[in-house]
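None of the figures in this text is laboratory data; all of them are computed from the coordinates on show. Just so it is clear, the structure is predicted and the values come from calculations on it, not from any experiment. Cβ placement follows ideal geometry from the backbone for every residue including glycine, while neighbour counts extend to all protein chains displayed.
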Amino acid sequence: RSSLKLGMIPADGIGKEVLPAAQRVLEALGSAIPKVTFVPLLAGWEEFNARGKALPEETIRVLKEECDGAMFGSVSSPSHKVAGYSSPIVALRKHLDLYANVRPVSSVPGMPGPKVDMVIVRENTECLYIKKEEIHDAPGGGKVAYATRQITSYASERIGRMAFEIALRRAEERKGATEGIWAGKEGKVTIVHKSNVLSVTDGLFRESVRSVYDAEQRFKAVKVEEQLVDSMVYRMFREPEIFDVAVAPNLYGDIISDGAAALVGSLGLVPSINAGDNFVMGEPVHGSAPDIEGKNIANPIASIRSASLLLQSLGFPEAATKINAAVDAVLLEGKYRTPDIGGKSTTTEVTDAILKLL
Ligand code: NAD
Ligand code: K
Ligand code: MN
């Protein structure tokens, strides 16, 4: 590629503060990447209230027809039903078939706290997020509500394959390494489920992921284990260093990611990409954080690291590594940190400090 076109969708809340920070970092890379054109695109709760659509058709069209990739900030979805509103990020993942949400969670070597170096691979298109819900009058009075949980072998197999590929790649990358908790070790995939209770739905997820493992000889270089989702949380908090790649259905993946973020100090540090076979969109794991919006104190690192993941998957690993090294150096030095990780710096100051190192 001689140039890149990236859709930028800040959406709501701190998304409007952290996405520009990520853009500044991408701009500062100069000749390390092809020339980038940024295309600002609309979506979100504010957009819904202004013009009636949380995800305008034009946004989908431009992403599909014109962009090489995208960055999404965060959306302020209300916790009650609003007629005509539906989360634009959930919809975007479906429209673009971004079936995997890949979330690396790692502690910075040298920083206090538990040692973590894991990747959560979250299925991104089904489970309870198909949002088939209904409510009726209950026979005995009051109400009863139901939600349909969809698990297909198709979606479970392709997320399983993604998890094994990532585990193989990680094992390859750390082969000669001497530092880090996984240095020189073989890969491991932990299948997260609740098949002891939901033997049909989670049972299908578990079996589908296992069938992918069984079908391909090259995956045998990776160990496969399983963990029930509740004990997954327990073990992740007690001994996070035992997890390498964890693959989970949509809702469990969403929940354990926020837990894992707490282990490394803040949601403001954890990046992700929404990945499909034809498109990729970087996105911080966190939401729109209404409690801190508008104060210029949101941690921009989750978004900056998401930009790095985006570059990595678009085929610019050196530029991606450069960003990560600058972020790690700023975190280690400790002079510029936002309040969520115990500092007093602003979003702008942390971003400036990272830019200086690029
Ligand atoms: P949240 O992730 O927005 O915030 C949780 C806590 O983490 C808050 O205390 C917040 O201040 C803190 N936090 C999050 N990101 C931070 C950052 N970059 N720097 C410093 N602190 C940070 O989750 P919530 O409060 O449960 O949800 C708020 C809104 O976000 C809701 O409307 C929800 O629907 C939405 N949300 C959107 C997404 C998304 O866009 N994909 C994801 C999760 C939640
Ligand atoms: K987000
Ligand atoms: Mn979440």
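Mind checking the range 245-326 for trypsin sites (Lys or Arg not before Pro) that DSSP puts in a loop (not H, G, I, E or B) and that have at most 15 other Cβ atoms within 10 Å?
Passing both the DSSP loop test and the Cβ count: LYS295.
At 0.36 nm per residue, minus the direct Cα-Cα distance, what do TYR154 and LYS132 gain on full extension? Give it in nm, one decimal, please.
6.0 nm
First check a/c for the range 251-358, with a ≥ b ≥ c the square roots of the eigenvalues of its C-alpha gyration tensor; if it is under 1.5, answer rounded, and if not, answer prolate when a/b is larger than b/c or oblate otherwise.
Oblate, because a/c is 1.5 or more while a/b does not exceed b/c.
Distance from the Cα centre of the range 190-235 to that of the range 270-342, in angstrom?
Taking the Cα centre of each part, the range 190-235 and the range 270-342 sit 29 Å apart.
Is the shape of the range 183-227 rounded, prolate or oblate, going by the alpha carbon gyration tensor and its root eigenvalues a ≥ b ≥ c, with a/c under 1.5 for rounded and a/b larger than b/c for prolate?
Oblate shape, in that a/c is at least 1.5 and b/c is the bigger or equal ratio.
What is the spin-label model distance, in nm, from TYR146 to ALA50 if the labels are put 7 Å beyond Cα along the C-beta direction?
4.1 nm
Select from the chain the helices, each a whole stretch of DSSP H, whose alpha-carbon atoms run 27 Å or more along the helix axis and whose Kyte-Doolittle mean is at least -1.0; answer none if there are none.
Helices meeting the span and hydropathy rule in the chain are 153-173.
With a ≥ b ≥ c the root eigenvalues of the C-alpha gyration tensor of the range 223-275, is it rounded (a/c under 1.5), prolate (a/b larger than b/c) or oblate?
Oblate is the answer for the range 223-275, as a/c is 1.5 or above yet b/c matches or exceeds a/b.
Taking loop as defined by DSSP and a crowding limit of 10 other beta carbons within 10 Å, which chymotrypsin sites (Phe, Trp or Tyr not before Pro) in the range 24-92 fit?
The qualifying sites: there are none.
Provide the net charge surrounding LEU96, with neighbours chosen by a C-beta distance below 14 Å and charges set as Lys +1, Arg +1, Asp -1, Glu -1.
Here the charged neighbours net out to -3.
Would you mind calculating the relative contact order of the range 114-264 from Cα pairs under 8 angstrom and at least 6 residues apart, reporting the percent as a whole number?
37 percent
Given a cut-off of under 8 Å on Cα pairs at least six residues apart, what relative contact order in percent is computed for the chain?
In percent, rounded to a whole number, it is 21.
In nm, to one decimal, how far is the GLU172 label point from the ASN196 one, both placed 7 Å along Cα→Cβ?
Taking the simple label geometry, GLU172 and ASN196 are separated by 3.7 nm.
Going by C-beta contacts inside 10 Å, put ASP68, ASP291, ASP202, ASP117 in order with the fewest on the left.
Listed from fewest to most nearby Cβ atoms, that is ASP291, ASP68, ASP117, ASP202.
Determine, from the Cβ-Cβ distance of THR321 and ALA262 and an R0 of 22 Å, the FRET efficiency 1/(1 + (r/R0)^6), rounded to the nearest 0.05.
Rounded to the nearest 0.05, the efficiency is 0.25.
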